[in-house]
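One structure is given below, encoded as structure tokens.
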Amino acid sequence: MGKAITMRELAAADGQVVRLDPADFVPLPPPYDGAEGRPPLRSLTESQKQRLDDSLDGFTALRLPHPQNREEEDQLVRRFLEGVRRLLSADDNWTFLGPLMLRLDYCAKCQTCAEACPIYLASGRQEIYRPTFRSELLRRIIKKYVAPGGRIWSGFQGADVDLNWRTVARLGELAYRCTLCRRCAQVCPIGIGNALIAREIRKVFSQELGLAPPELHRLGTVQQLKIGSSTGMSPAALMDSIELMQEEVEEKTGMKFAWPVDREGADILLIHNAGEFLSWPENPEAFAIILEKAGISWTLSSELVGYDAVNYGVWYDDVQLARIALRHAEVARKLKVKKIVIGECGHAHKALTVVADRILGGELNVPRESCLTLLDHLVSSGRLRLDPQRNDFPVTLHDPCNIVRLMGIVEPQRRILRRIAPRFREMSPSGTRNYCCGGGSGFAIMDGLNFPDWRSGVAGRMKFKQILDAFAGELDASVPKYVCAPCSNCKGQLRGLLDYFDATRKCGIYYGGLVELIVNAMADLERPFITFDADLIPAVRA
Amino acid sequence: MILSVSQGFCLLCVVVFALGLAVRAVRYSRAPMHLRWELYPVPHEAGKPYGGSYYEEPDWWKRPRKRTFSGDLKVMLSEIFLHAGLWQHNRKMWVVSYPFHLGIYFVAVFLVLLVVGGVAGDLALVLHNLTLGFGLAGMLLVIVGGVGVLARRLTDPDLRSLTAPADYFNLGFILALAVTWFVTWLCVDPSFALARGFVRGVFDAAPATPVPHAVAAEMVLLGLFLVYLPFTHMSHFIGKWFTYHHVRWDDSPNLGAAYERKVAAALNRPVGWSAPHISKPGKKKTWAELAREVE
Ligand code: SF4
Ligand code: SF4
């Protein structure tokens, strides 16, 4: 059971508020029921601690430097409050004002949401990770410091929180202890949930104070808009990478064909998460093979932003979200394609199809479709010759929150797996009730300092438990098992998670996308497309 | 129509109550169009009880949307009348919260019947019995459920940690109201005839007839509660409509001229955020201008 802590204490505490102890974490099934299931969490070094504020729980996502003097402290508080006021303005926050007002006005404090939150549960019910903790903190700050007459009523309303730079810094960090998975919202009897508030807090930090995790902002959206991709890949590097992938396809399958790039008038513009080109090239390769075999008219783009579907703005900043969504749409418009198909990337699905839907007007409102829908159509229409026996190994499916709970794409990927993977089994719970992989809302790419330990040790723990449960009885390392995760960020998180628990070597658990399984089932390919070799798995932590 | 002070006060309270709720509803419904934030399952998606959406269909924008109002209705009714979500996800809370809310529904029906009786004058026996039944059952359920909710809030550390004094006050207020009405019924007004007479006096041309202090007190307390309610989260019965229909189930895609106009208007709003990647010296830019910049 986590330490009971009040908001007053959170604001007042000198030094670190909570010290996580892996012994408190939710237990894992064998073979992780001992020390292997509780790897120690690294602390920041002394010099890092001197520079950066890690006083919430010993981790830092925002990497906020300690204010140097009273004036800097006051300025942080002043600007934070200014940002909170903007959240309540119809001009500055038309994007989410309505849903925010409802969340600020109506929480019954029934705590139903707590039992649904993978982070709260995995951490052994740490009070600070309770879904309502950060929401209530913001609510109380607004009640006391922003609402008219707030200070008079603050005691009655429970708004006993003191706003100082520590409260602000810790609230900022708390906004990055939620993966925005919205599992809590599903069970909320009022229909509100807590993710939106976490994201609104992130917006105050980014849009007003200019503070965001560097992986999301400086190396993320800013780099994507300037260089073309959040991976740092330029259009020229993309072309090199495509050339390499073409060669690899030929080597693996004997299929020699030029990938269409910037082909005007193609039916489909396929946009991948550019991380696939660098980390999992077999994924775009599999897409190319499928589309080519199915005779689809498609193209990739080599325009800035047009070859990277990611939109990190959806996690922390509405202006950046709008900028990137507009670029994606503009690229599609110029190529005169009939539709954009988004590759296996969950947040890109949600950002471009759902969240940015009410930003794109006129000819920029190019139709957008999920690759899972297209693949389901291709597989069920019989255009591909598939032999399920080629996938004769245990397979389970991870449901990316953004595609499933937040977009309602549930069955297409299952229909495919039921056809091509005879040993497919669901995780429990699954579908719209799934657990987040723990890498949601940007965590999967936030590799700085000791944050990955928190991400794998806490945020991904429920997912790891689900995976072990799904393969119970078959955890022998000699039986290769496949976690199908049709999302680049989820794959990034699974890569770290399996490495953190050394689960590939210990239990023979591998991960990959859906298209790789489809190609692996292709009856006319001589060699398997998927290879299982623990020695080939890069050691991420090293 | 000559009203006593307490009758006049109660009438005023009802007016403030109605206005307060209306202001809330208008405030939410006039909030600017927001970006989509739906959550599945969305029950009006026809034929997809597992939580699927129209995005599962190839070329979804070319197909007519298959919506079923009955899906929404089923969830709404089971939420309103059974608190099905709480039953499913928080049984411990449901056990106390459901009787409490059911009691409030009964009391609401009772109050309506009281007004109907007051306006109609002589009562048919069935109306009389219904008033009595709903009133007593409602008050008892509110008291039992309310004590249960209070006990859980006080004893369960998970609930206690974030409960504010105002939450205890609200519960206490409702309990005090229910107990006052119950005791008045028991000791002074066993058929609610006096309460009905009080209500009738509001609509009658006749001069106000004095009622026992206990009846006036229960009425004034009720009036005070009605004035207070719209300004608290107890008005969640209004909010819940918006959280479900305007956010959680709002999956309407941006297709058609009406949306085009709304999008254009929204993008024309000025942006005041002052982070360096947004704000530059000079005139405030609109969302549309900012979105076209590369930062
Ligand atoms: S379930 Fe909803 S109403 Fe209950 S505490 Fe959580 S956010 Fe508040
Ligand atoms: S959105 Fe997910 S991680 Fe965040 S509070 Fe809710 S359940 Fe927890």
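The values are calculated or read from the model by the stated rules, or taken from the named source; none is laboratory data. These numbers come from a predicted model, not from an experiment. With ideal geometry, Cβ positions are generated from the backbone for all residues, glycine too; neighbour counts draw on all protein chains shown. Areas reflect the complete protein model, heavy atoms only, side chains present, ligands, DNA and RNA absent. Shrake-Rupley method; radii C 1.70, N 1.55, O 1.52, S 1.80 Å.
Can you find a residue that is within 11 Å of chain B (Cβ to nearest Cβ), open to solvent by 10 Å² or more (accessible area, probe 1.4 Å) and over 22 Å from the mean Cα position of the chain (by Cα) anywhere in the range A:337-346? Yes; the residues of the range A:337-346 include at least one that is within 11 Å of chain B (Cβ to nearest Cβ), open to solvent by 10 Å² or more (accessible area, probe 1.4 Å) and over 22 Å from the mean Cα position of the chain (by Cα). Summed over the range B:16-42, the residues that are away from every other protein chain (no Cβ under 11 Å), open to solvent by 30 Å² or more (accessible area, probe 1.4 Å) and not small (Gly, Ala, Ser) give a count of 5. When A:Pro388 is tested against the conditions (1) in contact with a Lys or Arg (Cβ under 7 Å, 6 or more places away or on another chain); (2) buried (at least 24 other Cβ atoms within 10 Å of the Cβ), the lone failure is (2). The single residue among A:Ile128, A:Ile142 that is open to solvent by 10 Å² or more (accessible area, probe 1.4 Å), within 16 Å of ligand 1 (Cβ to nearest atom) and either modelled with pLDDT under 95 or part of a helix (DSSP H, G or I) (or both) turns out to be A:Ile142.
Confirm whether A:Arg166 is open to solvent by 20 Å² or more (accessible area, probe 1.4 Å), within 29 Å of A:Gly439 (Cβ to Cβ) and either in contact (Cβ under 8 Å) with a residue 40 or more places away in the chain or within 11 Å of ligand 2 (Cβ to nearest atom) (or both). Judged against the criteria, A:Arg166 is a match. Selection of the range A:354-373 for residues being surrounded by fewer than 24 Cβ atoms within 10 Å (Cβ to Cβ) and part of a helix (DSSP H, G or I) yields A:Val354, A:Asp357, A:Arg358, A:Gly362, A:Glu363, A:Leu364, A:Thr373. Take the residues in the range B:48-75 that are part of a loop (DSSP other than H, G, I, E, B) and more than 8 Å from chain A (Cβ to nearest Cβ); name whichever of them is surrounded by the fewest Cβ atoms within 10 Å (Cβ to Cβ). Checked the range B:48-75; the qualifying residue surrounded by the fewest Cβ atoms within 10 Å (Cβ to Cβ) is B:Pro64.
Reported count of residues in the range A:403-449, each being of a type in the set (Gly, Ala, Ser) and farther than 19 Å from A:Ala175 by Cβ, is 5.
Of the residues A:Val314, A:Val310, A:Val249, the single one that is among the aliphatic types (A, V, I, L, M) and in contact with a His (Cβ under 6 Å, 6 or more places away or on another chain) is A:Val314.
Identify, by number, the condition in (1) at pLDDT below 95; (2) near ligand 2 (Cβ under 9 Å from one of its atoms); (3) assigned to a helix (DSSP H, G or I) that A:Gly193 doesn't meet. With (1) at pLDDT below 95; (2) near ligand 2 (Cβ under 9 Å from one of its atoms); (3) assigned to a helix (DSSP H, G or I) applied to A:Gly193, the lone miss is (3).
For the range A:202-225, a residue qualifies if it is away from every other protein chain (no Cβ under 12 Å) and either surrounded by fewer than 24 Cβ atoms within 10 Å (Cβ to Cβ) or without any contact (Cβ under 8 Å) to a residue 12 or more places away in the chain (or both), and the qualifying residues are A:Pro214, A:Glu215, A:Leu219. Entry remark, the range A:145-163: residues being without any contact (Cβ under 8 Å) to a residue 24 or more places away in the chain and either among the acidic types (Asp, Glu) or more than 15 Å from ligand 1 (Cβ to nearest atom) (or both) number 12 in total.
Scanning the range B:240-295 for residues that are under 30 Å from B:Ser78 (Cα atoms), facing chain A (nearest Cβ under 9 Å) and assigned to a helix (DSSP H, G or I) yields B:Lys240, B:Phe242, B:Thr243, B:Tyr244, B:His246, B:Val247, B:Arg248.
Annotation note: Cβ proximity below 7 Å between a residue of the range A:173-186 that is closer than 14 Å to A:Arg63 by Cα and of a type outside the set (S, T, N, Q) and a residue that is assigned to a helix (DSSP H, G or I) and away from ligand 1 (no atom under 16 Å from the Cβ) (sequence gap 6+ or interchain) occurs for A:Ala175/A:Arg202.
Among the residues of this structure, B:Asp204 does not count as one that is under 26 Å from A:Gly191 (Cα atoms) and acidic (Asp, Glu). Looking at A:Glu46, A:Glu115, just one residue is among the acidic types (Asp, Glu) and within 16 Å of ligand 1 (Cβ to nearest atom), and that residue is A:Glu115. Taking the range B:157-173 as the range and being open to solvent by less than 40 Å² (accessible area, probe 1.4 Å), free of Cβ contacts under 8 Å to residues at least 60 places away in the same chain and not aromatic (Phe, Trp, Tyr) as the test, the residues that pass are B:Asp158, B:Leu159, B:Leu162, B:Thr163, B:Ala164, B:Asp167, B:Leu171, B:Gly172. Condition first: of a type in the set (D, E, K, R), under 30 Å from A:Asp262 (Cβ atoms) and away from ligand 1 (no atom under 16 Å from the Cβ). Can you find one or more residues in the range A:229-244 that meet it? Yes, that holds for at least one residue.
Of all the criteria given as (1) of a type in the set (Lys, Arg); (2) within 13 Å of ligand 2 (Cβ to nearest atom); (3) within 30 Å of A:Ile359 (Cβ to Cβ), the one not satisfied by A:Arg86 is (2).
Scanning the range A:174-190 for residues that are within 10 Å of ligand 1 (Cβ to nearest atom) and not in a helix (DSSP H, G or I) yields A:Cys188, A:Pro189, A:Ile190. Among the residues here, A:Val168 does not qualify as of a type outside the set (Asp, Glu), modelled with pLDDT under 95 and farther than 24 Å from A:Ala274 by Cα.
The single condition among (1) within 16 Å of ligand 2 (Cβ to nearest atom); (2) farther than 25 Å from B:Thr243 by Cα; (3) surrounded by fewer than 22 Cβ atoms within 10 Å (Cβ to Cβ) that A:Trp153 does not satisfy is (1).
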